[in-house]
Amino acid sequence: MPAYKTVTINPVLPNRPRASVLVIYTGGTLGMVFEKGQLVPFDFEQILDRLPEIKRLDFEITFTSLEEIMDSSNMRPDVWEEIARLIQRHYELYDSFVILHGTDTMAYTASALSFMLQNLGKPVILTGAQLPIGVARTDARENIITALEIAAAQIDDRPLVPEVCIYFQNVLLRGNRAKKKESSQFNAFRSENYPPLAEVGVTIEYNFPFIITPNADLEFRIKPQLEQNVAILKLFPGITQNVVRSILEINGLRGIVLETFGAGNAPTLPWFLHELKEATERDIVIMNVSQCDGGRVMQGRYQTSTWFDKIGVVSGGDITTEAAVTKMMWVLQQETDVERIRERLAMPLAGEMSMF
């Protein structure tokens, strides 16, 4: 087990804090400062120098870092498992968790954790920044402070947002509904098919009807293992049989997220249908996800998608690609029967898709 270095801050000493938050730093732009002209991760023992606003909070905050700090472009399933196990080990010790993460793959991490963390009853909020904390005009300070405040928010000793979320630039989004949409603006994340869980201005306005209500009778546990033999096949006009076949015949492949046009449509070319049909007959699971950010797959509504049902392609509804990939990784590890896998992919497991 890695030895995690921790720094704990209680701004209300000698009084007792009203809540406790564990902050897990994984890497990314947010935690970078300039040293000798280069951006390097800063030492969280100096957090009060970088974030003096923490002194005004009325809850305890413990900072820890993963042993391997990484750019989020290098994020891997084994790191998701490490984060899940870290939360499990500290679940009874803290009221909530904030994960500081690079923006590029944050939606994948949030989606993966939403499946791995079973019967979650506490907030797990991911946040990051477009500019490093060491830059004068950074968005990191507001994102961290507000994520901490939302994580610590309670009513009658119960957390307000007991699910995996992304907080970024004044909006709190369900983690497995979010997508990164901007690389140069501060409002980097959006959720086209699900309302924000909270909107932040002078006050924090929570959208309670859309926040998950946990079942208090179920015990928190983790199922962190993932099947990595999956792929994304994005359709485009002019895609060739060789390209499709080369992906579907990858050695060991178990699942494909098929990014189709519009409401789930695809070419009706005989060779395309043949390749997909052969793949499903080899027990490769295929999930139909729209390339559009908004809307949903309506498999069978148009003639170009009616034959998907016949060969066992799963309709992804309004799921995002990020959630579809991580959900497929998770379900494939939990089940062995192909029909059971298809059934579970077609139903919401963690609020990642709607039932219509």
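The values are calculated or read from the model by the stated rules, or taken from the named source; none is laboratory data. These numbers were taken from a predicted model, which means no experiment stands behind them. Don't worry about glycine lacking a Cβ; one is built from the backbone with ideal geometry, like all the others, and counts go over all protein chains shown.
Here Gly317 does not fit the description of being surrounded by fewer than 20 Cβ atoms within 10 Å (Cβ to Cβ), of a type in the set (Gly, Ala, Ser) and closer than 24 Å to Lys179 by Cβ.
So which residues in the stretch 214-225 are more than 25 Å from Val289 (Cα to Cα) and touching a residue at least 24 places away in the same chain (Cβ under 8 Å)? I'd like the intermediate steps shown before the answer.
Going residue by residue through the stretch 214-225, those that are more than 25 Å from Val289 (Cα to Cα) are 214-222.
Within the stretch 214-225, Pro214, Asn215, Ala216, Leu218, Glu219, Phe220, Arg221, Ile222 meet the criteria.
Among residues of the stretch 243-254 that are in the same structural domain as Glu275 (by TED's automatic domain parsing) and more than 13 Å from His274 (Cα to Cα), those with a beta-carbon under 7 Å from a residue that is surrounded by 12 or more Cβ atoms within 10 Å (Cβ to Cβ) and of a type in the set (D, E, K, R) at least six positions away or on a different chain give the pairs Arg254/Glu227.
If we keep just the residues of the stretch 337-346 that are without any contact (Cβ under 8 Å) to a residue 24 or more places away in the chain and within 24 Å of Thr109 (Cα to Cα), which is surrounded by the most Cβ atoms within 10 Å (Cβ to Cβ)? Give the steps one after another, and end with the answer.
Filtering the stretch 337-346 for residues without any contact (Cβ under 8 Å) to a residue 24 or more places away in the chain gives 337, 339-340, 343-344.
Add one more test, that the residue is within 24 Å of Thr109 (Cα to Cα), and what stays is 343-344.
On the way: Glu343: 13, Arg344: 18.
Among those residues, the one meeting the criterion is Arg344.
Of the residues making up the stretch 164-204, those that are in contact (Cβ under 8 Å) with a residue 40 or more places away in the chain and of a type in the set (Val, Ile, Thr) are Val164, Ile166, Val200, Ile204.
Somewhere in the stretch 278-298, is a residue of a type in the set (Gly, Ala, Ser) and in contact (Cβ under 8 Å) with a residue 40 or more places away in the chain? Lay out the reasoning, then the answer.
Pass one, the stretch 278-298, residues of a type in the set (Gly, Ala, Ser): 279, 290, 294-295.
Now drop any that are not in contact (Cβ under 8 Å) with a residue 40 or more places away in the chain, which leaves 294-295.
Looking through the stretch 278-298, at least one residue is of a type in the set (Gly, Ala, Ser) and in contact (Cβ under 8 Å) with a residue 40 or more places away in the chain.
Looking at the stretch 187-212, which of its residues are of a type outside the set (Gly, Ala, Ser) and touching a Phe, Trp or Tyr at 6+ places or on another chain (Cβ under 9 Å)? Step through it out loud before you land on a result.
Of the stretch 187-212, the ones of a type outside the set (Gly, Ala, Ser) are 187, 189-190, 192-197, 199-200, 202-212.
Passing the criteria: Asn187, Phe189, Tyr194, Pro195, Pro196, Leu197, Glu199, Val200, Phe210.
Across the stretch 178-192, which residue is nearest to Thr109 (Cα to Cα) among those that are of a type outside the set (Lys, Arg) and crowded, with 19+ Cβ neighbours inside 10 Å? Among them, the one singled out is Ala178.
Name the residue, out of Gln169, Gln185, Gln130, Gln118, that is under 22 Å from Arg89 (Cβ atoms), of a type outside the set (A, V, I, L, M) and out of contact with any Leu (no Cβ under 7 Å at 6 or more places or on another chain).
None of the others qualify; the one that does is Gln118.
Kindly evaluate Asn207 against the criterion of being in contact with an Asp or Glu (Cβ under 8 Å, 6 or more places away or on another chain) and free of Cβ contacts under 8 Å to residues at least 60 places away in the same chain. Show your work before the answer.
Working: in contact with an Asp or Glu (Cβ under 8 Å, 6 or more places away or on another chain): yes; free of Cβ contacts under 8 Å to residues at least 60 places away in the same chain: yes.
Yes; evaluated as a whole, the condition is true for this residue.
When you check Ile211 against the structure, is it in contact with a Leu (Cβ under 8 Å, 6 or more places away or on another chain) and either surrounded by 14 or more Cβ atoms within 10 Å (Cβ to Cβ) or of a type in the set (A, V, I, L, M, F, W, C) (or both), yes or no? Yes, satisfied. Here Arg56 clears all of (1) under 25 Å from Arg221 (Cβ atoms); (2) out of contact with any Cys (no Cβ under 8 Å at 6 or more places or on another chain) except the condition numbered (1).
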